[in-house]
Each structure stands twice: as structure tokens, then as C-alpha cells.
Amino acid sequence: MIRHRFEAYLDKVFGFSDLVSALPEGRQFPQHSWKKVFDAVFLGAAMQIPSLLQMEAECRDGALAKRIGPLSDDTMAYSLERQSPEPVFALSCEIARRLKRNGVLRSDWSRGLLVGAVDGIEICSSFVRCCDACMEREVQHKVNGEMQTDIQYYHRIVGVVLVSTDFPIPLGLRFQKNGEGEVSCALALLQDLVGQLGRRFLDVLVGDALYLQAPFVKEVERLGLVWAFTLKENQPELLREAERLTQQSPAGVHTEPGREVRYWHLPEVDWPVADRQVRVVKTVRIEHQHRLTVSEQDGHRIKSKAAVTQESTNFYATNFELGSISPLFIHQLSRSRWRIDTEVFQTITTDCHLKHPAVHQTTALVVLTMIRFLAYTLSLVFYHRQVRSHARRKCETFHEFAKSLAYWFVALSPNTS
Ligand SMILES: [Zn+2]
């Protein structure tokens, strides 16, 4: 058996091969086992290969020729379409459980709490329908210089990602159904996650203002989660009341080099539409920067440094029992949600080709996307725990590492084990 460092690690730490072998087969008389197809797609995704056609080429005479061998893109697509997504979802939850057991989910800033961020992202928008489950909308766009209205097809997924950890770790994702809103999709995903991982797995849920809705908050509390969401204009009464109660000078000021954060803390603010009270924290962040400006005087360019201050005001609503903890913790919690967008969604769309549909069938797209997320998570874990932590000097980036995975496979020889 040819062993590759990445796969050897996954087997040692997660028993990954056994977990994949245990996945049920959706086809009746498959020529190639689901394990083989799964491995091809998983390893291809870890190497950040965009399409099944390119994976086919890698299996034929590229990086995966020795490890997988000939496998057509049709076989991969057909095989993906025939599997049910639930066992793959359960597999990624099992990985999360093992990550927790191995202490990978610990963090030093979040007071021992596991913080998950929820957010949605659009993938694969096109004027050509890709599958039966495509969502659709009318858009105006220019065709040959003239504006016209067409139906655009697209998919949206909602993800829950751990953001309290050293590097963000996706817990699960769900495709939004046609006609289903992002928030209901997020709730269904959270219910699935709690169903798989249990109530005590996640402690705090953070998200943008879209999630601050009375019914959603109620359901999140029913799942036993603490929450902190941005408060904006979509809850006008609560926002007005919070603004009115924070006219006076701040409760405290936190300063660090180049920046200060002023904060206000309201333990009980009326939220009439939800028929309850919530805790609100307001922060004003003031950044002091020196910006280089270039001006022209008598045909000469003059460079000068000017002091600029940038101010941003935020309101956060939460049910978090602060006790003796500083209200700034709510600010810190809420700001951690940016990592789902700036780190996970950015990387997985630009480097891992998430927006490239690759398969134009309903279930296949769902299963492929789940495998892509899993490959992203596990290659990121390997990168942080094995590559970065063991690097003596300057370390390659995650993208460079993913590309170098391919060379490792090429270097494998059937004679070495
Ligand atoms: Zn589609």
C-alpha cells in the first residue's frame, strides 16, 4: 500500500480511510467503489483542482495516476449524483468530534467557549440552468451593448464555521432551497448539527444583523446556544432605544497603540417585537493612522504624512450573561464572525474553486461541495498542525502547500511503503 504523508496523518489522527470505507454505496453494480471515487475527488479538492475533467487527467497520467488510476469524469459525476448527502454530512461531524477530542478546538481568547459564526454565500451563478435545484431571479444585464432582462440561476449555501480556534474550522454547510431564506436555511443547518454533535458541542453563535430576528433567536435559544448578532436598521425600535440610551459618555475606554475602543453597556433593553429584553453593547472604534498623501505644487510632487482618524460605530445584541466579564468581550466575539468571510469563504472560492460547479446535477453538486469543504478543513488542519508548526524558517502559504501535495503523490513509488 502506497502511503502519502497527508493520508497517513488523516488515518492516524481521524481513522479517515475507515470512515470513508463505511460510507454507504448509492449505486447498484459499481465498477469503481465509492471509496475510490471519494478519494479521487477528496484528494483532487485538497490539491485545489477545479474540475472533474482535470481530476480525470490527474488520475490518468498525473499526480493521482499511481494512487487512484484511470477514472473518468462521467464516472465521478454519476457516482456523486447517486450518493445521499447525509452520510457525508455525518462524516464531517465525526471529524469535528475527533478534532475536539484532540484539543484542536481550544482557544486562548474566548474563555474556553466554542464560538461558531453563521453566514451565507452564493455559488455558481449563471444564465444557464445547472440543475433541478437551481434558485432563480430576474436580472438586468447588457447583451451586445443593450440592456435586457433574463433569468439568472444560482445556488446559495449557508455555513457554520468555528471562529474561536487558531484557524477557522467549518462544521457544516447546507444548500438553500428555492424559495427558502438564508435564516431558515441556517436554522435547519443548526438543527442538523445539534442532532449530530449534541447540544454541548457549540457554545456561542455569532452572525450579522440578518440573523437578529425574534423567531430565529428563540429557536437558537431552544437549541441551548448563546448568541451575539449585529444590531442594525432591520430592528429599528431596538436600535433607536439603544441609541437613545447611549447618548452619555461611555462606560469605558480601551486603548491600544493606534486605536481606541469606547464602549457602552445596556444589560436590559426592550425589544418589543420579540416581547423581551436583550443585552446591547455599543462600541465606537477610533483608528489613528498616518496616511501618505501626494500633492502637486508648481509641477513638483510633494509627499506628506497626514494624521487621519477613522471612526466606526457598532451595536451588538446578545443574551450572553456577562457577570464580571467586560462588555468588550461581546465586541470581540462579534468581530470574530468576519473570519468566516475573510478567511473561509475567500479561500474556498478563490483557491478551492467553490464557485466552479464542476457537476451539473442536483445531488452531485451538494455532495461535491461537501467533499470540497471537508478537503479544505482537513488539508488546513494538516497544514497548521504538521507543515507550519514543523517549519524551521519561512513557511509556504496554504495555497502553495495545497499545490505541493500533488508533487508528493508524483514522488510516490509503488516500491516504497
Ligand atoms: Zn443548479
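Just one of the listed residues (151, 157) is over 23 Å from the mean Cα position of the chain (by Cα), of a type in the set (Val, Ile, Thr) and within 13 Å of the ligand (Cβ to nearest atom), and it is 151. Of the residues making up region 204-241, those that are surrounded by fewer than 17 Cβ atoms within 10 Å (Cβ to Cβ) and touching a residue at least 60 places away in the same chain (Cβ under 8 Å) number 3.
Give 356, 390 a once-over and let me know the one that is surrounded by fewer than 17 Cβ atoms within 10 Å (Cβ to Cβ) and touching a Pro at 6+ places or on another chain (Cβ under 8 Å).
On the way: 390 fails: touching a Pro at 6+ places or on another chain (Cβ under 8 Å).
Going through 356, 390 in turn, the sole match is 356.
Scan region 220-234 for residues that are in a strand (DSSP E or B), closer than 14 Å to residue 201 by Cα and of a type in the set (Gly, Ala, Ser) and the total you get is 0.
Of all the residues that make up region 302-322, how many are in a strand (DSSP E or B) and modelled with pLDDT of 85 or more?
Adding up the residues that qualify gives 11.
Whether any residue in region 347-356 is within 28 Å of residue 112 (Cα to Cα), within 32 Å of the chain's Cα centre (by Cα) and at pLDDT below 90 is what I want to check. Yes, region 347-356 contains a residue that is within 28 Å of residue 112 (Cα to Cα), within 32 Å of the chain's Cα centre (by Cα) and at pLDDT below 90. Only one entry of 246, 230 meets the criterion of being of a type in the set (Ser, Thr, Tyr) and more than 31 Å from the chain's Cα centre (by Cα), and that entry is 246. Within region 127-143, if we keep just the residues that are within 15 Å of the ligand (Cβ to nearest atom) and farther than 17 Å from residue 366 by Cβ, the residue that is surrounded by the fewest Cβ atoms within 10 Å (Cβ to Cβ) turns out to be 128. Would you confirm whether any residue within region 15-22 is part of a loop (DSSP other than H, G, I, E, B), among the aliphatic types (A, V, I, L, M), within 28 Å of the chain's Cα centre (by Cα) and more than 23 Å from residue 398 (Cβ to Cβ)? Yes, there is a match, as at least one residue in region 15-22 is part of a loop (DSSP other than H, G, I, E, B), among the aliphatic types (A, V, I, L, M), within 28 Å of the chain's Cα centre (by Cα) and more than 23 Å from residue 398 (Cβ to Cβ).
Of all residues in region 62-113, exactly one satisfies the criterion of being within 25 Å of residue 159 (Cα to Cα), hydrophobic (A, V, I, L, M, F, W, C) and touching a Lys or Arg at 6+ places or on another chain (Cβ under 8 Å), namely 104.
The values are calculated or read from the model by the stated rules, or taken from the named source; none is laboratory data. Please read these numbers as outputs of a predicted model, since none were measured by experiment. When we count neighbours, we look across all protein chains shown, and the Cβ atoms used for this are built from the backbone with ideal geometry, even at glycine.
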